[in-house]
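Enquirer: Mind looking over this structure? Questions follow.
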Amino acid sequence: EKCVPDEISKQQRLMLDEHSVGSAMQKLFEDLRRWKGTFDNDFTLTEALTLTPAKEKQQDTGLLKTLIAVRLVDPSASLNYKQNLVRKLERRLHQWKSEDGHVYYFVTDHGYKKLRDWAEGRGLHGRERLMSRIPAAGSIVDLDFFQGVAKHIGDKTVEDAKDFLRKEGIIRENLSLDSGDTEDFVRELVEGFVWWGALKELLIGIGFPMSAQAGKNEVPEEDVMRAFELASIRDGFLPEDQVLDFLCKITKADIADGCAGRIWKAQMILLMQSVGICGTLGDVERMETARSNSDLPMTVVSEEDVNFSSEPAAQLISQELPVLAKRIWPDWLEQVWNEVAPQWSSEVDIGPLPPNAPRPFMPKREIHNFFQRVAFYPRVIPERTSAHSLGLVPVDEVYDNWFITDPKLTGSRRGNANVVTLWTRRSKTFMQIRGIWPEVFLAILSKMDNEVGDNLAGNVLYTEAAKNQSKDKYKEGLDREHHDFESQNHVPEEDSRMLLDIGYLENIWLKKNIVEETRACSLKVYKAVLKRAEISLPDVVVDALWYSGDSEGCLHPYLRRVEDLEERVVMYLCRGMCCESALSLVRDKLQLPTLKGITDEDLRIAFERVDEKTGKVGFIEPNEVVEMILLLAQKGMDFKVLQSAFKRLKLRFPEQSVKTAFLMTDTNSDDIVVMSEWLGMVDYFIDVLIPNQVLRLMQMAPEQIMIKLFAMLAGLLVVCLFIFLSLGAFEVAVEKNTAGAGASMLR
C-alpha cells in the first residue's frame with residue numbers, strides 16, 4: 001500500500017527529469033535537436049513549426065507533425081485528441097509569435113475551393129483567370145503567390161493582395177513558432193505534464209500488463225491510450241499529480257484498492273516473493289525465452305537483476321517488475337488467478353463480456369483468497385468429518401491444528417506408504433496443502449546446511465526435482481492419492497502435481513540427494529567437519545580452500561566434491577602442522593619434563609605467536625616447532641600476559657605507558673620479561689608511573705600545580721589593586737593652620 005505508490009512516484013520523477021540518463025524527458029529533447037538538424041533551409045523549418053489544423057484521413061502537417069516526429073504525440077492518436085491538442089497549442093502560440101515581426105499565412109479549406117474555381121475561370125466577374133499553380137489547403141503561402149494575386153487583381157501591391165485574400169476568406173494568419181524558441185516552447189508545454197510516450201515507458205517500468213497485441217490477461221495498448229486521451233482532454237497531456245488516479249481508473253479500482261489501483265501480475269509475483277509462497281514458481285526455460293525476446297533494455301533484463309529474493313519490495317520494485325511482467329506461470333497458477341481476478345473491459349465495451357475477456361487486475365481485498373487458493377487444494381470436506389476418517393494424525397502437541405497422513409492407515413488403503421499429505425484445520429474446515437513450493441524447498445535445504453546461495457539456481461534445482469518426481473515409481477502412489485481430486489475438479493494430470501509432494505521430498509529426494517550423498521558437502525558442513533577433526537585453520541583459509549574446490553557432478557553449484565577438498569587440505573597441511581598437531585607433538589611425543597605444567601591455552605598462545613610472524617597462515621613449519629618449544633621453555637611473561645595481570649589487579653595504567661615500560665626493561669628484545677627485568681620494571685612503575693598517577697588523581701600534576709599557582713597570583717594581584725584604590729579614595733587635605741589634637745586624631 002505504501003511501497004508501490006512511492007516507487008511509482010519515484011520512477012515518474014526520474015522519467016520527467018531532463019538530466020536523468022535515459023529518461024523520457026532527455027530522449028524528447030535529444031530527438032528535438034536531431035530533428036532540427038535535418039532542415040537545410042529556413043522556409044521548410046518555418047513551415048514545420050507552423051500550427052495547422054488536424055483533419056480526418058489526411059496526413060498531419062506543420063507543428064503537429066513535428067510533435068509526432070519527436071514522439072511527443074503518438075501517430076496513432078485519435079483525431080479528437082489531435083484537434084483538442086491543436087486548440088491548446090493555439091493558445092500557447094499566441095505567446096510565442098515570431099520575434100522578427102513576420103506574419104505567415106496559410107490557405108483555408110474554403111479558400112482552396114475558391115482558388116480552384118478561379119483557376120478555371122469561374123466566379124471572377126470579368127477578370128482574367130488566376131494562374132494555374134494553387135497552394136494546397138493548410139500550406140503556407142509564399143511571396144510569389146501574393147505577387148501573382150496582386151498582378152491579377154489590377155497591378156496592386158502585395159499588401160493589397162493580402163487584404164483581398166483575407167476578405168475573401170482564402171487565407172488566414174497562422175501561428176508559427178520561431179526556430180530559436182522551439183526547445184523553450186516544448187519545455188514549457190510539457191512542464192508538469194506527462195505525454196503518452198513517457199506514460200508508456202512508466203507503465204512498462206512498473207510491469208503494467210499492456211501489449212500492442214493483447215495477450216492472455218493483458219490490456220490492449222490502444223485501450224490504455226484512449227483512456228489517456230480522455231484523462232488529457234482538458235490540457236492535452238496528463239498532469240503529473242493524476243498518474244496514480246489514472247492507474248486507479250484504468251484498473252477499475254475502488255476505495256478498498258488504495259491510491260495506486262488494483263494489483264497486477266508483476267506486483268503479485270513480487271508480493272509472493274516477499275511472503276515466500278510460490279514467488280519463484282514458473283517455467284525456467286520459458287522464462288529465459290521471454291527475457292530474451294523482451295524489448296526491455298539489457299540492463300533491465302540481465303541475470304543480475306533477476307534476483308528472486310525475499311527482500312522488501314521497496315528495494316526491488318524498480319529492478320524486478322519489468323522482468324516479472326514477462327514471467328510465465330504454470331497453467332494451474334494461471335487458473336487460480338483467473339478464478340479470483342474479475343474480467344476487465346474498456347470504457348467503450350457495451351453488453352456482456354465474452355468468457356475469454358482478460359483478467360489483468362485483482363482487487364486487493366481478494367489477495368488473501370488468492371494466497372489461500374495457491375497454498376491449499378480447493379477441496380470441499382464436510383464439516384463433521386473427523387481427522388481419523390481422513391487418515392490423519394496431529395503433527396505434534398504444539399501444532400495440534402496441523403495433521404499429517406498416518407502411514408498405517410494410508411499405506412493399506414492406497415498401496416503406498418510413502419504418500420504423505422499435510423492438512424490444516426481452520427474452525428471446522430480441513431484444507432490440504434498442495435505441496436512443497438520452491439521457497440520452502442530452499443528453506444529446508446538451508447536448515448540442513450545445504451543452502452543454495454543463488455535462488456535462480458535453487459529454482460532450477462526445484463524444477464529438476466519436480467520432473468524426477470513425475471518419473472519416479474512414487475508417481476504410482478501419488479496418482480492414486482490425487483485420483484479423486486482430479487476427476488472431481490477436472491484438473492489435468494500434469495498440473496495436479498505441480499508442486500513437490502511432502503512424502504516424495506522426505507522419503508525419496510532428501511534421502512537420496514542429501515542424507516545418502518557423501519560425495520559432496522557445503523561450506524557449513526566443511527567447517528563443521530574440520531572443527532570435529534580438530535584441524536584449526538583461519539576462516540579465510542577455509543573459505544579459500546572450499547571456493548577453489550571442484551563442483552563438477554554436485555547437486556548444485558554451492559557444493560564441492562569431498563574428495564577434492566580432502567586433497568586440498570592434505571596439500572595445504574603438508575607444509576607444516578596446525579595447532580592441534582603441534583599440541584599433540586608436545587603432549588604425546590616429546591613429553592618434556594619442563595613442559596608438563598604448561599596448559600593447552602599457553603600452548604595455543606605460543607603457537608599463535610610463532611604463526612603470527614609468518615602471516616597467520618594457520619600452520620607452522622618443522623623448523624618453527626623448535627622456536628615454539630623454546631618460547632614455551634622460557635621463564636617470564638610477554639606483553640599480553642602483563643596486560644591481563646594488570647587488569648586482574650585492577651591497575652589502570654595507560655596502555656602506551658605500560659608498553660613503553662615493557663620495551664625499556666626488555667633488554668635482550670626477546671619479547672619476554674624475566675625476573676631481573678621484571679624488578680627493573682617494578683622500579684620504573686614505583687618511581688615514575690605510580691607517582692604520576694597519584695598526582696593526576698589528586699590533581700597535583702605539574703601542569704595542574706602551575707595552573708593553581710597562576711590563579712593564586714592573579715587573585716593576590718587583584719586584592720592588592722583593590723586596597724590601593726581604596727586608600728586613594730579616603731585621602732584628606734589638611735591646611736597648615738589647622739593643627740589640633742582632635743583634628744589629628746580624626747585624621
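Enquirer: Rounded to the nearest 10 Å², what accessible area does K527 show when all protein chains are kept and the probe is 1.4 Å?
Expert: 80
Enquirer: Which order do H556, H388 take when ranked by solvent-accessible area (1.4 Å probe, heavy atoms of all protein chains), largest first?
Expert: The ranking, largest first, comes out as H388, H556.
Enquirer: Also, quick follow-up: How big is the gap, in Å, between the Cα center of segment 1-46 and the Cα center of segment 212-272?
Expert: Spelled out, the Cα-based centre of one part sits 21 Å from the other.
Enquirer: So what are segment 644-716's ellipsoid semi-axes, whole angstrom, largest first, if each one is the square root of 5 times an eigenvalue of the alpha-carbon gyration tensor?
Expert: Each semi-axis is the square root of five times an eigenvalue, giving 34, 13, 9 Å.
Enquirer: OK, next. With the contact rule set at Cα under 8 Å and sequence spacing of 6 or more, what percent relative contact order holds for segment 181-243?
Expert: 35
Enquirer: Let me ask something else. Looking at this model, which pairs from K36/K65; K216/K265; K65/K88; K326/K364; K114/K167; K616/K647 are more than 18 angstrom apart at the alpha-carbon?
Expert: K326/K364; K616/K647
Enquirer: Order the following by accessible area, largest value first: M681, M706. Probe radius 1.4 Å; ligands, DNA and RNA are ignored.
Expert: Accessible-area ranking of M681, M706, largest first: M706, M681.
Enquirer: Heavy-atom accessible area of E240 with all protein chains present, probe 1.4 Å, nearest 10 Å²?
Expert: 70
Enquirer: Continuing with the same structure: Peptides 565-571, 46-52: what's the order by average Cβ count within 10 Å, highest mean first?
Expert: The most tightly packed comes first, giving 46-52, 565-571.
The values are calculated or read from the model by the stated rules, or taken from the named source; none is laboratory data. Quantities reported herein were computed from a predicted structural model and do not represent experimental measurements. Every residue, glycine among them, receives a Cβ derived from its backbone with ideal geometry; neighbour counts consider all protein chains shown. Ligands, DNA and RNA are excluded from the accessible area calculation, which covers all protein heavy atoms including side chains. Shrake-Rupley method; radii C 1.70, N 1.55, O 1.52, S 1.80 Å.
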